[in-house]
Amino acid sequence: MTAKQTIEQGRAILGIEFGSTRIKAVLIDEQNKPIAQGSHEWENQLIDGLWTYSIDAIWQGLQDCYADLRKDVRRQYDCEIETLAAIGFSAMMHGYMAFNQDQQILVPFRTWRNTNTGKAAAELSKLFNYNIPLRWSISHLYQCILDNEKHVKDIKYLTTLAGYVHWQLTGEFVLGVGDASGMLPVDPTTKTYDATMVSKFDELVAPRGYSWRLLDILPKSLNAGENAGMLTEKGASLLDPSGHLQAGCPLCPPEGDAGTGMVATNAVRQRTGNVSAGTSSFSMIVLEKPLSKPYEPIDIVTTPDGSLVAMVHCNNCTSDINAWVGLFREFQQLMGMPVDMNELYTRLFGAALEGDADCGGLMAYNYVSGEPVMGLTDGRPLFVRSAADKFSLANFMRAQLYGAIGVLKVGNDILLKQEHVRVDRITGHGGYFKTPIVGQRMLAAALGSPISVMETAGEGGAWGIALLAAYLIYNNKVKACPLPEYLDEVVFAGNTGTSIAPTPEDIEGFNRYIESYTQCLPIEQQAVESKK
């Protein structure tokens, strides 16, 4: 069947993901291959000291993204999208979207980026004996309670961005278990909110006299493959104001961007993991068992099918590298040389492979913004060297690439060295890996593990949520099977990508680098303090 026939017969599957700077739509065929896409650029706003996106921006962005997808379909296949086999929605996780009984938002959407929840997160972490990050929904809710915000008494619904969009398009107030685990910890046995923590929270806030209890206002948690509702007439018109799209197709549970990244890299099976490395970075390692104790740098979430995942989230990754490459571009322009940015990145990244395994003593701190894993609330990018260090372009670029994943290594050393977590395969995706071999080799040295990269990983989270929508259809019409089996056998068919294993010299060199990196961290701390 051609792509045009797939679309005309209503067999195509749609995935849409709301990222921090872009909303992306991917249309896939019955072989899970992308056949069309659309996008919309957007930016968060800082209003009254809090990062937000307006409700109007959410719907205008979604509609523009879908219109761009329709445009791509007409351009490629000269046809219109009338019906779809299934749809899935994903979005950046965590944050705070609270609504009253009339489904009106009570305060502007507070995104994961906000860090005003420190007191709440610390108190809840102690109460639950579980690391509760600042960006989780429960931290936002409790901080509102501590701050005596008047709207709290009127909350009827509390959800995430993906959950909100799904709710409005289907009428179903539900959430995929992976996204739910970023609202409140999830019990891996029941695959829903941890009952003990729910009870403790209700007891904690009972003296406030609210009319609701926690489970009254949270979305129902659903596993990957479960039915999560149908596109309503209202939902179809919200998504496609042109009126072409018909109601009635099924939707999979809405998920967070971490879960769709795991799906897109085939990293949902226990003892697998993935690293997303772009403007920010995070690693996701699927655990065989819970960690022995909570660690502040490590968040525990779940896969879309409910397995525990240890997440190390870093606020910074490639931004400082991009700034330095921009400086080299300016030099080329100054010298009257033609500038090809792809070639410039490729040559500079390639030069790093010629550097010493420990960067010759050079160090780079890429903290454009604060880095919670390292205990820093603000950032100052720094390049540090002594007169005796080996100052060369190769070592400089290697230090920049090491520095981009230095915090990631610190967090993962807790998992791999202290907790002895076993990992069979780690897959990398994102701009850090765009130049072949280089990023893979650096991350392999940092984690002491082979790193794979798959061509399909570049399709991103919109493709990942489209795969989860396809999994819903497969479970209903073909056969019920676990999500890891579906990805292994149906989607990826044994393709594990291209793998690079670390050399002993690279591992030893990165370990020397990170030892100096952590010893010299007071330099970064002083830089932050002195510029306040």
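The values are calculated or read from the model by the stated rules, or taken from the named source; none is laboratory data. Only a predicted model underlies this, so the values are computations on that prediction, with no experimental measurement involved. Counting neighbours? That spans all protein chains shown, and the Cβs are built from the backbone with ideal geometry, glycine included. We work out accessible area using only protein heavy atoms, side chains counted, and drop any ligands, DNA or RNA first. Shrake-Rupley method; radii C 1.70, N 1.55, O 1.52, S 1.80 Å.
Return the residues of the range 132-161 that are modelled with pLDDT of 95 or more and in a loop (DSSP other than H, G, I, E, B); say none if nothing qualifies.
Going through the range 132-161, the residues modelled with pLDDT of 95 or more turn out to be 132, 136-161.
Matches in the range 132-161: I132, W136, D147, N148, E149, I155, K156, T160.
Is one or more of the residues making up the range 92-104 farther than 28 Å from P207 by Cα and surrounded by 23 or more Cβ atoms within 10 Å (Cβ to Cβ)? Looking for residues that are farther than 28 Å from P207 by Cα and surrounded by 23 or more Cβ atoms within 10 Å (Cβ to Cβ), one finds at least one in the range 92-104, hence yes. Residue-level check: of (1) closer than 30 Å to I217 by Cα; (2) surrounded by fewer than 21 Cβ atoms within 10 Å (Cβ to Cβ); (3) among the hydrophobic types (A, V, I, L, M, F, W, C), I87 misses just (2). Among the residues in the range 275-291, are any of a type in the set (K, R) and touching a Lys or Arg at 6+ places or on another chain (Cβ under 6 Å)? Checking the range 275-291: not a single residue is of a type in the set (K, R) and touching a Lys or Arg at 6+ places or on another chain (Cβ under 6 Å).
Checking each residue in the range 248-264 for being closer than 21 Å to N315 by Cα and of a type outside the set (D, E, K, R) picks out G256, A258, G259, T260, G261, M262.
Provide a single number: the residues in the range 408-430 that are more than 17 Å from N274 (Cβ to Cβ), under 24 Å from the mean Cα position of the chain (by Cα) and not charged (D, E, K, R). Residues meeting the conditions: 2.
Where helices (runs of 4 or more DSSP H) fall wholly inside the range 435-497, the ranges with 2 or more residues that are of a type outside the set (G, A, S) and over 15 Å from D305 (Cβ atoms) are 438-447, 460-477. Checked against the criterion of being in contact with an Asp or Glu (Cβ under 9 Å, 6 or more places away or on another chain), closer than 19 Å to I451 by Cα and either part of a loop (DSSP other than H, G, I, E, B) or not hydrophobic (A, V, I, L, M, F, W, C) (or both), the range 304-323 contains one or more residues that satisfy it. Inside the range 195-215, can you point out the residues that are open to solvent by 20 Å² or more (accessible area, probe 1.4 Å) and within 23 Å of A91 (Cβ to Cβ)? The one that is open to solvent by 20 Å² or more (accessible area, probe 1.4 Å) and within 23 Å of A91 (Cβ to Cβ): L215. Does A446 satisfy the condition of being touching a Lys or Arg at 6+ places or on another chain (Cβ under 7 Å) and open to solvent by less than 10 Å² (accessible area, probe 1.4 Å)? Answer is yes for this residue.
Select from the range 44-66 the residues that are within 18 Å of G235 (Cβ to Cβ), of a type in the set (A, V, I, L, M, F, W, C) and crowded, with 16+ Cβ neighbours inside 10 Å and list them in ascending order. Write out each step before concluding.
Within the range 44-66, the subset within 18 Å of G235 (Cβ to Cβ) is 55-56, 58-66.
Then keep just the ones that are of a type in the set (A, V, I, L, M, F, W, C); that gives 55, 58-59, 62, 65.
Of everything in the range 44-66, those that are within 18 Å of G235 (Cβ to Cβ), of a type in the set (A, V, I, L, M, F, W, C) and crowded, with 16+ Cβ neighbours inside 10 Å turn out to be I58, L62, C65.
When the range 472-495 is limited to residues that are touching a strand residue (DSSP E or B) at 6+ places or on another chain (Cβ under 9 Å) and modelled with pLDDT of 95 or more, the one that is surrounded by the most Cβ atoms within 10 Å (Cβ to Cβ) turns out to be L472. Looking across the range 169-194, the residues that are among the small types (G, A, S), buried (at least 23 other Cβ atoms within 10 Å of the Cβ) and outside any helix (DSSP H, G or I) come down to G176, S181, G182.
Being in a strand (DSSP E or B) and either within 27 Å of V410 (Cβ to Cβ) or among the aromatic types (F, W, Y) (or both) is not true of F331.
Please verify whether the range 395-405 includes one or more residues that are assigned to a loop (DSSP other than H, G, I, E, B), within 20 Å of the chain's Cα centre (by Cα) and under 24 Å from P294 (Cβ atoms).
Taking the range 395-405 first, the residues assigned to a loop (DSSP other than H, G, I, E, B) are 405.
Filter once more, keeping what is within 20 Å of the chain's Cα centre (by Cα): 405.
Of the ones still in play, those that are also under 24 Å from P294 (Cβ atoms) are 405.
Yes, the range 395-405 has at least one match.
Restricting to the range 1-38, what's the tally of residues that are under 23 Å from G278 (Cβ atoms) and open to solvent by 40 Å² or more (accessible area, probe 1.4 Å)?
Step one: of the range 1-38, the residues under 23 Å from G278 (Cβ atoms) are 15-26, 28, 34, 37-38.
Filter once more, so that each one left must be open to solvent by 40 Å² or more (accessible area, probe 1.4 Å): 20-22, 34, 37.
Of the residues in that region, 5 qualify.
Scanning the range 1-32 for residues that are among the basic types (K, R) and at pLDDT below 95 turns up just one, R22.
Report yes if E123 is open to solvent by 20 Å² or more (accessible area, probe 1.4 Å), acidic (D, E), farther than 24 Å from N316 by Cβ and over 25 Å from the mean Cα position of the chain (by Cα), otherwise no. Explain how you work it out, then say what you get.
Working: open to solvent by 20 Å² or more (accessible area, probe 1.4 Å): yes; acidic (D, E): yes; farther than 24 Å from N316 by Cβ: yes; over 25 Å from the mean Cα position of the chain (by Cα): yes.
Criteria met by E123.
Of the candidates H140, H166, the single residue that is over 27 Å from M230 (Cβ atoms), in contact (Cβ under 8 Å) with a residue 12 or more places away in the chain and open to solvent by less than 10 Å² (accessible area, probe 1.4 Å) is H140.
Let's see how each residue does on (1) free of Cβ contacts under 8 Å to residues at least 24 places away in the same chain; (2) under 26 Å from the mean Cα position of the chain (by Cα); (3) surrounded by fewer than 21 Cβ atoms within 10 Å (Cβ to Cβ):
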position: G278; (1), (2), (3): no, yes, yes
position: F282; (1), (2), (3): no, yes, no
position: K293; (1), (2), (3): yes, yes, yes
position: P297; (1), (2), (3): no, yes, no
position: L344; (1), (2), (3): yes, no, yes
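The C-beta contact set for the range 48-69 (first residue closer than 19 Å to D240 by Cα, second residue assigned to a helix (DSSP H, G or I), distance under 6 angstrom, 6+ apart or interchain) comprises Y66/L239.
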